[in-house]
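Take a look at the structure set out below.
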Amino acid sequence: MLSELPMIPLVAITGFLDGIHPCAIAILIFFIAFLLTMRKTFKNIFLLGLVYIFVIFLTYLAVGVGLLSGIVLFGQHHFFAILGSWLLIFLGLIHIKEYFFPNLPLHFRMPKFSSEKVKSRLEKATLPGIALAAFLVGLCSVPCSGGIYAAITALLASKTTYFSGFLYLLLYNLMFVMPLLILLLFAANPLTLAKIAAFQQKHEKTGKLVMGLLMIIIGASILIFFV
């Protein structure tokens with residue numbers, strides 16, 4: 001049966017796609033570039049980057065567990081799975097709007113005051129500052145690209161036990177931070193990092209279009225095959 005398609009590939013793929021968003025990646029590129037200008041060793045950059053990524057992982061996981069617990073406690077799991085899927089489709093349309101009509105209202109990006117606060121914390125390059133910055137990035141990532149997360153969490157609440165849902169959330173969040181871990185490894189080569197930063201900035205609008213289309217496809221697929 002199509003409704004019994006394995007959840008693991010869906011959770012892993014959507015988690016990775018959710019991790020490819022401008023909020024966390026742009027801030028990490030800024031952070032690594034700043035450490036390079038301070039002539040930090042790759043070991044220091046890698047360790048501080050791991051702290052940053054780990055705090056984002058914990059923050060995003062906590063958001064997912066809270067959402068999963070709320071849905072389970074409230075009941076009506078099937079309703080929330082359907083609602084989450086339609087919300088994902090709607091957010092996908094907003095991302096596509098950003099490509100064709102960027103000046104229209106409704107934008108999903110980190111608030112400017114949060115972005116400036118995050119960067120000021122990262123510039124201090126202290127563990128508490130990095131942890132706080134990562135926490136803010138994790139929270140701000142929810143409105144930035146959390147539509148996929150909300151839809152998958154609602155689906156897990158309707159299709160799995162609470163414990164199984166928690167394990168799936170662990171998988172989702174591991175895949176969510178995977179792009180950041182890959183990017184951190186590129187810090188060994190400043191030239192490669194500069195090329196990635198330039199590519200990300202140049203194709204930011206195209207990335208929103210692709211992400212919007214993928215969100216619509218994922219939302220529609222969940223409606224058709226899983227709920």
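Where a number appears in this text, it was derived from the coordinates with a stated rule and is not lab data. These figures come from a predicted structure and were not determined experimentally. Here the Cβ is made from the backbone with ideal geometry for all residues, glycine too, and neighbour counts use every protein chain on show.
Could you run the Debye sum over the Cα atoms of region 148-227, one equal point scatterer each and no solvent, and tell me log10 of I(q)/I(0) at q = 0.25, 0.26 Å⁻¹, two decimals?
Debye intensities relative to I(0), on a log10 scale: -1.16, -1.19.
Would you mind putting 190-199, 59-68 in packing order, based on average other-beta-carbon counts within 10 Å, highest first?
Details: 190-199: 13.5, 59-68: 19.7.
Ranking the peptides 190-199, 59-68 by packing returns 59-68, 190-199.
Using each residue's phi in region 83-88, evaluate 6.51 cos²θ - 1.76 cosθ + 1.60 at θ = phi - 60° and report the 3J(HN,Hα) Karplus result to the nearest Hz, with x for Gly and Pro.
4, x, 5, 5, 4, 5
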